[in-house]
1. Can you list the DSSP H helices in chain C whose Cα atoms extend at least 18 Å along the helix axis and whose mean Kyte-Doolittle hydropathy is -1.0 or higher?
2. Using DSSP, restrict attention to beta bridges with both residues in the protein assembly as shown and report what percent are antiparallel, rounded to the nearest 5.
3. Counting only DSSP beta bridges with both residues in chain A, what percent are antiparallel, rounded to the nearest 5?
4. For the stretch C:16-194, restrict the atom set to alpha-carbon positions and state the Rg and Dmax in Å.
5. Please order B:318, B:105 by the number of other Cβ within 10 Å, starting at the fewest.
6. Quick one: which residues, 5 or more positions from residue C:190 or on another chain, have an amide H under 5 Å from its amide H? H modelled 1.01 Å from N in the peptide plane, none for Pro or chain starts.
7. Give the lysines reachable from residue A:18 as a straight Cα distance under 25 Å; neighbours fewer than 8 places away on the same chain don't count.
8. Any lysines with Cα under 17 Å of the residue A:170 Cα? List them, leaving off those in the same chain fewer than 8 positions away.
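Nothing in this text is a laboratory measurement; each read-out follows from the coordinates by a stated rule. All values reported here derive from a predicted model rather than from experimental measurement. Positions of Cβ are backbone-derived with ideal geometry, glycine not excepted, and every protein chain shown enters the neighbour counts.
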Amino acid sequence: MSARQAVYNIGYLDEQTKRMIRRALLKAVAIPGFQVPFASREVPMPRGWGTGGVQVTAAVIGEDDVLKVIDQGADDTTNAVSIRSFFASVARVATTTRTDEATIIQTRHRIPETPLSEGQVLVYQVPIPEPLRFLEPRETETRRLHALEEYGLMFVKLYEDIARFGHIAKTYDYPVLVGGRYLMSPSPIPSFDNPKMHRNPALQLFGAGREKRIYAVPPFTSVESLGFEDFPFEPQRFDEPCALCGSTGGYLDEVITDDAGGSMFVCSDTDHCERTATRSGTESATGTEAIA
Amino acid sequence: MYVAVKGGERAIANAHALLAEQGRGHPELPAIDPAQVEGQLGVLVSRVMTEGSLYDPALAARAVLQAQGDVLEAVTLMRSYRTTLPRFGYTCAVDTAGLAPQRRISATFKDLPGGQQLGATFDYTHRLFSTPSSGADVPDRHDGSPDADDPAMPRVADLLGVGALIEPDARPGQDAAEPGDLTREPSVFPMSRAERLQALARSDEGFLLGLAYSSQRGFGTTHPFAGEVRVGEVEVEFDAPELGFAVPLGRIEVTECQMVNQFTGSAETPAQFTRGYGLAFGRSERKAMSMSIVDRALRGAEFDERVASPVQDEEFVISHGDNVAATGFVEHLKLPHYVDFQAELMLVRKLNAEFEEAHA
Amino acid sequence: MSTAARTPTIPAPGFADPTRDAQRAFRAVLDALAHPTRSYPLGGPAQPPPALGRGLGAVALTLLDEGCATWLAGPLGTDAETATWLAFHTGTRLVTDPADAQFVVADPASLPPLARLRCGTDEAPHHSATVLLDVRGATGTARFSATGPGIDGTADLTAPWADAGFLPQWTANTAAFPRGVDLLLVGEDTVAALPRTTRLHPRPEGEA
């Protein structure tokens, strides 16, 4: 009895499930920014750990693909490693850490620094797909607000920030308007990354497994971060260069180096850091040691 | 020279090895056989099957072992296997009135056709530690288990239904269509009662217990009476259209609870008790009872009741009852969030600098 | 009984490799919808019903199953071989009213007015039809320029399948956004797409 095998399909998901997700994906692409409900399946990771992204990737990926997985911008964070090895084993795909070599990039919380190109697919893991959720907890209500294109709640929230702090106090998961119509959560990427979504040549797909929603931004589609005329959207910037590769203009992680308040700033995008360092002959955020 | 954290792969491999080692326990003691879990931890296996939405005691026992006793981990294992299985169709509705109960109790009548049957229950046991078992300490029974000659045991709800004192199983037009399936169709609110019941059957036992308890304490009162709780095996049949008759697939053990609740009625309509329903795999009495209370509480709008408490709120209950979702999302906070935290850190520093400048 | 008479009851094979072939065909369809007007190569089953053809056969095997309702327009609707083949390989529910269908399979001549198809609601615009348009052998001369999501600036669309009535219908379809139908233009070995977001503008004859 205990010898009985539990058998899983190639790519883990069964074909029926893939078709269901694929149909949802096509509608998502046809209605940019609209959250398409889908019958999200369980996958062998816990909910909230990328089950939406995993289902989207599983429905899209084939053996000709080259997959890159990042978490916090890094290829070697444990969850990225775990998801990458999952697909390497169940879908038998090649994997890479190089942004420019990947055909599919599954990400949590970042958009790579290396500009994406046409034909690439960026799959976002999304925890809370509804941008209005923390302003209105009910799905029946938020669905109606989207139908009416009634986004006043969000503008009021941003305005209250300004009144209180003098700034819009939203630094990540900063709401965007897609195609001039749908308010959309970009997932918890830092607002630093928001401008990269606008008219990006890659196809951007979003999967929220626990919340059972899929949405998309087709290539070359307008993605506008909300703002006001007198308080326009301002992405965060870093003044210093990466302490490892010396590059500027990227998103940096602050790393505490001692218990006396010492810290340094290094690239969050490990692939970007490594390649900049290789070009300039310096150290990089992934170091020189091969990943075991 | 600082080198950022790396070697995720090695870390994961090591963690898995360590986990396996801990799960094995003392290497000189025998490993637990899944069949032992299935036989001796039947209540746990029932819960894993119910919340895992898959009736397979042997597999559930393996899940319990592989999860080292973590129920939600075992449920997740079951679910993520179940979801890949092909679907052949719907079985016929199981006939719980025809179920030969190993346990059947009603709190609403002293005696009733078929009688009260205590069965295997922890009720009335004294919760005192017994002496460590030598393996052969099952006490003798004084009389036999119910046999085939037992009189029929009609469901209490059907007995009350005869006099139209209780609402019927299905109201005209209510969910007349094929029931939805949350695991196959996207779920959107508001849900049909059938979809709600499916969600409740998969919901976390502890979550439903807490909600049911809250309604007993005044947050969405429904005045429940345990009309009937029955545990036993039912035949599952599959209606094969090409054959023209139902094919028996096998028997499964279930626990069913019919909760009889406060009555409705007005000058225009006669008074009738309402009900809540609970059904779970195996021996899952607490789950079935909690489920039936929550089911009834969620029908507030149907009976024009004031809806003000969490247990009556469909979106609240259904969205948060799934423990696979809940545990995953709570525990995902363990994943790195340093990119977003960095963004917040920068904003707080900026706000602080501006504050100090303004108050200098 | 002759072999020919038995054909409709023994459906020809579907994809040689269901998992991989469906994945490739899906990527072609996804790429097509993400890059409206652009044509992508499509690999199909070896012996599809002739009325359906390789391209439509591939899209049907990739997207249809018992979870969705399909309407077959015109001659396809009465082609027993197609109905049997689709039932056997996909299990899709064939419906008799195009307004009930999530997928509408039609050729240009049998395509009903788009307004008669499901276009969703403002709350659920995804509850809308996807038209699989058989564009094999179309000989018209219509040409459009296209703009919208997925298109970098403007794209040219040669649309031999479009008759004079198409442009006003399509313009109304895009104006109803977010409601609307989406169009897959399926040839023998290619697929292109017009999602509801693609706006078409007439292009004078002879203009390059």
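1. On the way: long enough: C:18-34 (23 Å, -0.16).
Membrane-span-like by this rule: C:18-34.
2. Working: 69 of 100 bridges.
The antiparallel fraction comes to roughly 70 percent.
3. Working: 21 of 37 bridges.
The antiparallel fraction comes to roughly 55 percent.
4. Values for the stretch C:16-194 (Cα only, Rg and Dmax): 15.4, 44 Å.
5. On the way: B:318 23, B:105 19.
By the 10 Å Cβ count, ascending, the order reads B:105, B:318.
6. Residues meeting the criterion, in which the H sits 1.01 Å from N, are C:42.
7. A:27, A:68, A:212
8. Counting by Cα, and skipping residues close in sequence, residue A:170 has these lysines nearby: A:157, B:350.
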